[in-house]
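Presented below is the structure to which this report refers.
The values are calculated or read from the model by the stated rules, or taken from the named source; none is laboratory data. The shown structure was predicted, so the numbers you read here are calculated from the model rather than taken from an experiment. With ideal geometry, Cβ positions are generated from the backbone for all residues, glycine too; neighbour counts draw on all protein chains shown. These accessible areas exclude ligands, DNA and RNA; they are computed on the full protein's heavy atoms, side chains included. Shrake-Rupley method; radii C 1.70, N 1.55, O 1.52, S 1.80 Å.
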Amino acid sequence: MTSDGAHRSRRLAPLLGALAMFGPFSIDTMFPAFPAIAEQLQASPLAMQQTLSVYMIAYAMMSLLHGPLSDSLGRKNVILGGVAVFTLASIGCAMSTSIGELLFYRAIQGVSAGSGMIVGRAIIRDCFEGAAAQKLMSTVSMIFGVAPAIAPIVGGWVIAYARWPMIFWLLAAFAGVLWIACVF
């Protein structure tokens, strides 16, 4: 790999890793908040489980479309659109006053969250070959793998010091910063 390719790889790895991790991060940060959300929204345990089911179904269904969309609309456009929609959906989750609203916005989060991971992998495939692509993909996968480990801890800290909507405000802020990073 040329020094220009190595430099580009070092710059892309954290960005693509963050894009890949914001989807799973939005699943695991809310686990510690389940009791508080259920109490405030007067939701049953089944309804709280549905916040995960709705998210995962939407995530899985859209994963089939993010690649073709990025082929036709452009990689950057799909990532920017997905991150923007995720930011707005996170704000919607934070402002939800009923379990129905929360389920709706969780589905929107799921629809948009896969854009970073799916399109990020396509970017690696477009820009790198062979060992360089494998190295960058393993770095992104390592960053992605951290999300499920630290997300519940972050969610627990938030719940210890603030109310549950703060989890979604933090997700919105993270996605907003990520959107700005993708623009540049």
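Things worth noting here:
- Failed criterion for Pro152 (all others in (1) surrounded by 14 or more Cβ atoms within 10 Å (Cβ to Cβ); (2) within 25 Å of Leu65 (Cα to Cα) hold): (2)
- Members of segment 21-45 that are open to solvent by less than 20 Å² (accessible area, probe 1.4 Å), of a type in the set (Val, Ile, Thr) and either outside any helix (DSSP H, G or I) or within 13 Å of Ala149 (Cα to Cα) (or both): Thr29
- Residues that are among the polar types (S, T, N, Q) and open to solvent by less than 50 Å² (accessible area, probe 1.4 Å), drawn from segment 92-101: Ser96, Ser98
Here is a yes/no grid of residues against (1) assigned to a helix (DSSP H, G or I); (2) at pLDDT 90 or above; (3) among the polar types (S, T, N, Q); (4) surrounded by 15 or more Cβ atoms within 10 Å (Cβ to Cβ):
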| position | (1), (2), (3), (4) |
| --- | --- |
| Ser90 | yes, yes, yes, yes |
| Leu103 | yes, yes, no, yes |
| Val111 | yes, yes, no, yes |
| Ile118 | yes, no, no, yes |
| Arg125 | yes, no, no, no |
| Ser138 | yes, no, yes, no |
| Ala160 | yes, yes, no, no |
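- Residue satisfying all of: in segment 38-86; of a type in the set (Ser, Thr, Tyr) and out of contact with any Leu (no Cβ under 8 Å at 6 or more places or on another chain); farthest from Leu170 (Cα to Cα) among these: Ser72
- Hits in segment 125-140 (condition: touching a residue at least 60 places away in the same chain (Cβ under 8 Å) and within 17 Å of Ala18 (Cα to Cα)): Lys135, Leu136, Thr139, Val140
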